[in-house]
Amino acid sequence: KKDFVAVSELAGVPNIFVVRKESPAKTMKEFIELARKEPDKYNISVPPIGTTPQLQASLLKSRENLPKVEEVVFKGGGDALQALLTSTVQIASNSLGPASPHIRAGTIRGLGLCADTRWPDFPDMPTMEEAGYKDFVFATDMALLAPAKTPPDAVHWLETETLKVMSSPAMKEKLFKSGFLARPKGGKEAWARMTKEMGVFTDIINSAHIPKL
């Protein structure tokens with residue numbers, strides 16, 4: 001917190017829980033029921049420890065009392081999805097971006113979007129709250145930070161110019177094609193969100209006994 005100052009929030013894409021199209025679970029509730037009955041037969045692929053998809057998987061296990069459902073950690077989201085596609089795992093916790101092409105192709109199915117609202121490209125996919133899981137908003141976000149000692153005038157100039165670029169229709173369209181929604185917000189709002197999430201993520205890490213690196 002002491003090393004940086006927020007310039008602006010840029011864009012983000014929500015996280016998601018997905019299963020193969022052949023999975024008997026059509027909803028998150030159904031998956032949880034199956035995992036509770038036979039926990040040794042279910043595991044979940046996640047990107048590296050400390051990423052938001054990994055943290056949300058730990059939170060799901062904790063809230064739903066699924067200690068025996070193993071988290072299988074991969075070096076990236078693509079590898080974690082590949083493990084699902086090859087039936088190495090039964091569910092994946094990932095970012096919507098890399099999962100989108102597979103959802104469109106029909107090879108995997110989204111059970112719950114970790115967002116406040118539904119995603120424009122997948123209007124039929126429920127959010128986690130709609131699926132019955134409150135306070136379950138996780139995303140892969142981008143923000144612009146500057147060293148803490150950056151002169152305030154320079155930070156203000158960067159914020160103003162960045163917001164101009166991020167608010168342009170061309171940039172919003174380019175980001176959306178890449179799987180992100182533009183979220184141009186000032187440094188004050190960006191820093192408030194980040195500090196709030198630091199507290200939330202710290203609680204999850206401590207509760208799940210995730211080793212600190």
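So how tilted is helix 152-166 from the main axis of the chain? Cα-based, degrees 0 to 90, rounded to 10.
60
Given contacts defined as C-alpha pairs under 8 Å and at least six residues apart, what's the relative contact order of the stretch 21-90, whole-number percent?
After rounding, I find 36 percent.
Could you sort the peptides 126-139, 172-185 by per-residue average Cβ neighbour count (10 Å cutoff), highest mean leading? Intermediate values should be presented prior to the final figure.
Details: 126-139: 17.6, 172-185: 16.0.
Per-residue mean Cβ counts within 10 Å order the peptides as 126-139, 172-185.
For the chain, what relative contact order do you get, as a whole percent, if you take Cα pairs closer than 8 Å and at least 6 residues apart? Show your work: numbers first, answer last.
Values: 365 pairs, mean separation 73.9, N = 213.
The value is 35 percent.
For the pairs K2/K188; K75/K172; K61/K196, note any where the Cα-Cα span goes beyond 24 Å. Numbers along the way, then the final one.
Details: K2/K188 15 Å; K75/K172 29 Å; K61/K196 22 Å.
Exceeds cut-off: K75/K172.
For the stretch 25-101, which trypsin sites (Lys or Arg not before Pro) are both in a DSSP coil and crowded by at most 11 other Cβ atoms within 10 Å?
On the way: sites: K26, K29, R36, K37, K41, K61, R63, K68, K75; in loops: K26, K68, K75.
Passing both the DSSP loop test and the Cβ count: K26, K75.
Per residue of the chain, what 222 nm ellipticity follows from adding -39500 (n - 2.57) for every DSSP H run with n ≥ 4, rounded to the nearest 500? Working shown, then result.
Details: 7 runs with 86 residues, N = 213.
Mean residue ellipticity, 222 nm, calculated: -12500 deg cm²/dmol.
With θ set to phi - 60° and the Karplus curve 6.51 cos²θ - 1.76 cosθ + 1.60, what are the ³J(HN,Hα) couplings of the stretch 71-78 in order, to the nearest whole Hz, using x for Gly and Pro?
Karplus values, whole Hz, x for Gly and Pro: 8, 9, 8, 10, 6, x, x, x.
Report, to the nearest 10°, how far helix 96-105 tilts away from the longest principal axis of the Cα atoms in the chain, using its own Cα long axis and a range of 0 to 90°.
Taking the Cα atoms of the chain, the angle to 96-105 is about 50 degrees.
Tell me the carbon and sulfur percent of the accessible area for the stretch 18-116, rounded to whole percent, probe radius 1.4 Å.
Its accessible area is 51 percent carbon and sulfur atoms.
Mind listing the long-range amide H neighbours of A143? Cut-off is under 5 Å, sequence gap 5 or more, other chains count too, H placed in the peptide plane at 1.01 Å from N.
Answer set, sorted by chain and number: L10.
Hey, what D do you get for the stretch 1-129 in µm²/s if you plug the Kirkwood alpha-carbon radius into Stokes-Einstein at 37 °C and 0.692 mPa s? Don't skip to the answer; put the middle values down first.
Details: Rh = 15.0 Å.
Rounded to a whole number, D works out at 218 µm²/s.
The values are calculated or read from the model by the stated rules, or taken from the named source; none is laboratory data. Since this is a predicted model, take the numbers as computed values, not measurements. In this analysis, Cβ positions are derived from the backbone assuming ideal geometry, glycine residues included, and neighbour counts consider all displayed protein chains. What goes into the accessible areas is simple: the full protein's heavy atoms, side chains included, and nothing from ligands, DNA or RNA. Shrake-Rupley method; radii C 1.70, N 1.55, O 1.52, S 1.80 Å.
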